[in-house]
Amino acid sequence: MNCRYPWSRVAIIAWTLLPAIVLAHGVSSRDALFVSGVQGVNFGPFAYLGAKHMVTGYDHLLFLAGVIFLLYRLRDVALYASLFALGHSVTLLGAVLLGWRANPFLVDAFIGLSVVYKGFENIDGFRRLNWRLDTRAAVLGFGLVHGLGLATKLQELQLSKDGLATNLVAFNLGVEAGQLGALTIMVLLFALWRSTGNFNRAIFPANVLLMAAGFVLFGYQLAGYLLQG
């Protein structure tokens, strides 16, 4: 593989994306204020919030981009997207409804490592180390972590128990809708990119950039954990 690439361009892109990466996964004060005042079932608004959280969650989108980076068949995209969706649905609903608690900084740090994992796998890093990993199991497992990350953000808010289960289902459906929309755009962009003939030589630097973004997210969240009161 020809790995020559203008690395200054990679550095510029990484620096440009840095503020977006470190602010991933947040809930706006306006949305938090809305949620805290909700009483009863509000299906539409919670579905909207779920979709919004997915399409503005750069950690989720980076992981999804890594997952589908080398997938050329739509059925493979559908399989891995379904495994990811299953994972984050289980922990999102389970954690909030059953009261499972986890430190949000540590969860988000692990989510950053999930991005690193996909970038490293995409450049054959594990194969070169003679490590055999089941990618399907890994995507499902990281889906569980991403769902827990979603749950920690909701648990920081004042959620009314009145209509909670229905509102959570609506939120999760919104997340799935947001994921489907984001995946559709990604698949189209990857198809366009591959048609240019520059895709193969960009695989290595693009995934190094993906890993760098994951390490930035990991470091930022780990620092938050160490500095929390």
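The values are calculated or read from the model by the stated rules, or taken from the named source; none is laboratory data. Owing to the predicted nature of the structure, the values given are computational and were not obtained by experimental measurement. Note that we place each Cβ from the backbone using ideal geometry, even for glycine, and neighbour counts take in every protein chain shown.
The table for this structure:
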quantity	calculated
Matching entry among ALA95, ALA102, ALA170, ALA165 (being touching a Lys or Arg at 6+ places or on another chain (Cβ under 8 Å) and of a type in the set (A, V, I, L, M, F, W, C))	ALA95
Total residues in the range 137-177, condition of a type in the set (Lys, Arg) and closer than 17 Å to GLN221 by Cβ	1
Residue in the range 171-179 that is part of a helix (DSSP H, G or I), in contact with a helix residue (DSSP H, G or I) (Cβ under 8 Å, 6 or more places away or on another chain), at pLDDT below 95 and surrounded by fewer than 16 Cβ atoms within 10 Å (Cβ to Cβ) present	no
Subset of the range 188-229 (residues that are among the β-branched types (Val, Ile, Thr) and either farther than 24 Å from GLY125 by Cα or not in a helix (DSSP H, G or I) (or both))	THR196
Residue list for the range 79-105, restricted to those being exposed (fewer than 15 other Cβ atoms within 10 Å of the Cβ) and hydrophobic (A, V, I, L, M, F, W, C)	LEU79, LEU86, LEU97, LEU98, TRP100
Cross-chain or 6+ apart pairs with Cβ under 6 Å, the range 168-193 first and without any contact (Cβ under 8 Å) to a residue 12 or more places away in the chain, then part of a helix (DSSP H, G or I)	TRP193/PHE199
Wholly enclosed helices (runs of 4 or more DSSP H) of the range 46-158 bearing at least 2 residues closer than 23 Å to GLU176 by Cβ	58-68, 74-98, 104-122, 135-155
In the range 188-219, the residues that are surrounded by fewer than 17 Cβ atoms within 10 Å (Cβ to Cβ) and closer than 23 Å to GLY57 by Cβ	LEU188, LEU189, TRP193, PHE215, GLY219
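A quick yes/no check of all residues on (1) polar (S, T, N, Q); (2) within 18 Å of the chain's Cα centre (by Cα); (3) at pLDDT below 95; (4) more than 16 Å from GLY147 (Cα to Cα):
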| site | (1), (2), (3), (4) |
| --- | --- |
| HIS25 | no, yes, yes, no |
| ARG30 | no, no, yes, yes |
| GLY37 | no, no, yes, yes |
| GLY44 | no, no, yes, yes |
| ALA65 | no, yes, no, yes |
| PHE69 | no, yes, no, yes |
| LEU79 | no, yes, no, yes |
